[in-house]
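Scroll down for the structure; my scribbles are underneath it.
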Amino acid sequence: MSVLQPLDWVVILGYFVVIAGICVWVAKRQKKTSDGYFLAGRELGWFVIGASIFASNIGSEHLVGLAASGATDGVAMAHYELHAWCLLILAWVMVPFYMRSKVFTMPEFLERRFSPATRTVLSVISLVAYVLTKIAVGIFAGGVVFSVLVPELSLWGLDSFWVGSLVIVLVTGLYTIVGGMRAVAYTEAIQTIVLIIGSALVTFFGLQALGGWAELRAIVPSDMFNLWKPLVPDGLQSTWAPVRDSQQMAWYFNDNYPWLGMLVCAPVIGLWYWCTDQYIVQRTLTAKNETEARRGSIAAAFFKLLPVFIFIIPGIICYALALSGKIPYFQQTLIGADGNIIRDSAQQAFPLMVSQVLPIGVRGIVVAGLLAALMSSLAGAFNASATLFTIDFYGRLHRSVSQERLVWVGRVATGVMVLIAILWIPVIKGGRGLYDYLQGVQSYLAPPIFVVFFLGVFYKRLNAKGCLWALITGFALGMARLAVDTPVKMIPGFQYPEGSLLWIINNTFFQYYSILILMVSALVMIVVSRMTAAPDYGKISGLTYGTRTEKDKMVSRASWAPIDVILSVVVVLLILAAYLYFVG
């Protein structure tokens, strides 16, 4: 039976009316050019940019995966969510280079720094990443939300999971196709407000149902509030060994996220995602100037501090309500016969909180927030994918094509990638969890991209050949691991013979494998570059720290004020405060 009442549906309908109105308003005013469609005419302000970055990031993996991680592992995943400092690196280190280059895409920036071949390879990697992570994960999470909130929904033999997935795809795809980047950015600004308010209400009413914060701390194990656990060794076997012990693969955090792997791997993924990924950086490229781009990134850093409290904490509250028996349905759904939480059921933690804890009316607001996050995440992925394919592939092959044709091709390409992503959903369903799946795949794809961007900006001697071979080598290593992992997730009961090479690869912590890719990619880039001719420094003027002109330095210095520095310091202090509080 549906948990949504008529008042809830009225609120949800009102939300969709607002979104539709924004799309119509934007469509009438949008420039019919690739610049207008893909980058909103490069005229957005800092708040819209910051809210758009946050809404794009806070999508399905947070609503479903991060809350589930809170229910199973406590605040452990907050390490990834406290990566707000990475947005400061974007603001102060990378934004000046991106804004000077006036590019549409990150692969295009790589072309200007290195060569057209490196642009093509990065475009391929990025499109693969979007299909395997952002698009497929968004579709999957939409299905999970609908299966909990409207379980009786069915259509043409499809259950509520698949109906919900398809509804999310069609609605989001429609407004993305019609309105382009401007529609995505403006709707995401509205969605950010709805999402924050709605998720905060889940935390508030959840604590009220439980009996308060003190009751939460008393019910759940203290380790669930310990951010330092994965960073502090508590035994050689569980913290240093790169391969999981098949006899000790319990459900809790330290058996799946070794401290050394987290210490190195998590920042690399964060810097790749926040500073070099088209999905995020495209928002800063829509800015009027460097000042607006930087301030938008700083604003997004403040927003990024919220997920710990509006997603992870509700997950922990859900687990506490199940343990305490205060909501019997939670206990029946989430707790197994052994007294531990059921990981597959934990994916429903946030939707369960919405359906069982919130009062009528408020529930509608929060469901609108849920849909806002799902749609904003997918909308960003759709637009980024369309931009990559259209600008980096089709546009380069058909240089005389009209602007209208470029926009049409981008829309068609988006539809094709959505179909591929739908076919990939069974792989996600077979994993340990949505957030675990996401971090694993990103760990395989992120290192070579991180290497070529950051070494490329800081080390002017690195050349196109070094960049190309680093990307190819790193991508090959990542896809090899994904190919080894996929049969285990898709085929029930499938396992490699214990002790075999494929078993070792499959059971190596994904963080350690990511570190391996990182080291190999960096080594290949440096060695190949040093063994071949140096780049023409005149052609890469302004694209590395070593080739900036005095004019570049003056323009960048004039783009920020003391308030930008002060706010950046505040972000860092808030992150430190979170680490000091969550000590178990």
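The values are calculated or read from the model by the stated rules, or taken from the named source; none is laboratory data. None of the values given here were measured: they were computed from a predicted structure. Glycine gets a Cβ as well: all are built from the backbone with ideal geometry, and neighbour counts include every protein chain shown.
General remarks:
- Failed item in (1) β-branched (Val, Ile, Thr); (2) without any contact (Cβ under 8 Å) to a residue 40 or more places away in the chain; (3) over 30 Å from Tyr80 (Cα atoms), with Val528 passing the rest: (2)
- From the options Ile428, Ile420, residue that is surrounded by fewer than 17 Cβ atoms within 10 Å (Cβ to Cβ), of a type in the set (Val, Ile, Thr) and at pLDDT below 75: Ile420
- Candidate set: segment 548-563, residues that are hydroxyl-bearing (Ser, Thr, Tyr) and within 32 Å of the chain's Cα centre (by Cα); chosen: the one farthest from Glu111 (Cα to Cα): Ser559
- A search for C-beta distances below 8 Å between a residue of segment 275-287 that is without any contact (Cβ under 8 Å) to a residue 40 or more places away in the chain and of a type outside the set (Phe, Trp, Tyr) and any residue that is surrounded by fewer than 24 Cβ atoms within 10 Å (Cβ to Cβ) and part of a helix (DSSP H, G or I), counting only pairs 6+ apart in sequence or on different chains, returns nothing.
- Matching residues in segment 450-465 - criterion: being within 18 Å of Thr276 (Cα to Cα) and in a helix (DSSP H, G or I): Phe450, Val451, Val452, Phe453, Phe454, Leu455, Gly456, Val457, Phe458, Ala464
- Phe509, sole failed condition from (1) over 28 Å from the mean Cα position of the chain (by Cα); (2) under 30 Å from Ile313 (Cβ atoms): (1)
- Any hit, segment 50-66, residues being assigned to a helix (DSSP H, G or I), aliphatic (A, V, I, L, M), modelled with pLDDT of 80 or more and crowded, with 21+ Cβ neighbours inside 10 Å: yes
- Near pairs, Cβ below 8 angstrom, 6+ apart or cross-chain, from segment 2-27 (farther than 20 Å from Pro351 by Cα and in a helix (DSSP H, G or I)) to any residue that is at pLDDT below 75 and basic (Lys, Arg): Val26/Arg182
- All told, Gly206 falls short of being touching a His at 6+ places or on another chain (Cβ under 8 Å), small (Gly, Ala, Ser), on the phi < 0 side of the Ramachandran plot and at pLDDT 80 or above.
- Meets criteria (surrounded by fewer than 22 Cβ atoms within 10 Å (Cβ to Cβ) and either within 30 Å of Ala78 (Cβ to Cβ) or modelled with pLDDT under 80 (or both)) for Val451: no
- In segment 561-584, the residues that are farther than 15 Å from Ser297 by Cβ and at pLDDT below 95 form Cβ pairs under 7 Å with partners that are in a helix (DSSP H, G or I) and of a type in the set (Asp, Glu), at six or more places apart or across chains, as follows: Gly584/Asp223.
- Those helices (runs of 4 or more DSSP H) of segment 268-328 in which at least 1 residues are surrounded by 24 or more Cβ atoms within 10 Å (Cβ to Cβ) and at pLDDT below 85, considering only elements entirely within it, cover 278-285, 313-324.
- Of the residues examined, Ser521 is one that is touching a helix residue (DSSP H, G or I) at 6+ places or on another chain (Cβ under 6 Å), assigned to a helix (DSSP H, G or I) and surrounded by 12 or more Cβ atoms within 10 Å (Cβ to Cβ).
- Flag if Ala189 is part of a helix (DSSP H, G or I), on the phi < 0 side of the Ramachandran plot and at pLDDT below 70: no
- Residue in segment 542-559 that is of a type in the set (D, E, K, R) and not in a helix (DSSP H, G or I) present: yes
- Residue check, Asp536 more than 28 Å from Tyr444 (Cβ to Cβ) and either of a type in the set (A, V, I, L, M) or assigned to a loop (DSSP other than H, G, I, E, B) (or both): yes
- Residue satisfying all of: in segment 490-506; assigned to a helix (DSSP H, G or I) and buried (at least 16 other Cβ atoms within 10 Å of the Cβ); nearest to the chain's Cα centre (by Cα) among these: Asn506
- Residues satisfying the stated conditions in segment 110-119, i.e. buried (at least 21 other Cβ atoms within 10 Å of the Cβ) and in contact (Cβ under 8 Å) with a residue 24 or more places away in the chain: Leu110, Arg113, Phe114, Thr118, Arg119
- Restricting attention to segment 457-471, the residues that are of a type in the set (Gly, Ala, Ser) and crowded, with 23+ Cβ neighbours inside 10 Å total 2.
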